[in-house]
Amino acid sequence: MDIFIKLPVILVLIFILVSLFQGMYYLAKDDGKNDKTRVVKALTVRIVLSFVLFSLLILGYLTGLLQPHGI
């Protein structure tokens, strides 16, 4: 049952990293001739995915599917 909440969390984390590196690539390689808003779009996607990740973590905690560790 844990996989139903952990798998989407891991997938969203991977998509966040892809979006981050995509924005970094656009920032480094764009010379201004292409669409100038590609960096902003990539970072906007990252922000939305981060909000989705936070929502998934809160939802998992509130439903009891995700339990914090006692360190």
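Every number here is computed from the coordinates shown, using simple stated rules; none is lab data. Here the structure is a predicted model, which is why all the values come from computation and not from measurement. As a convention, Cβ positions derive from the backbone with ideal geometry for all residues, glycine included, and neighbour counts pool all protein chains shown.
Structure summary
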quantity	calculated
Tally of residues being surrounded by fewer than 12 Cβ atoms within 10 Å (Cβ to Cβ) and in contact with a Gly (Cβ under 9 Å, 6 or more places away or on another chain) across region 48-66	0
Residue within region 26-35 that is in contact (Cβ under 8 Å) with a residue 40 or more places away in the chain and part of a helix (DSSP H, G or I) present	no
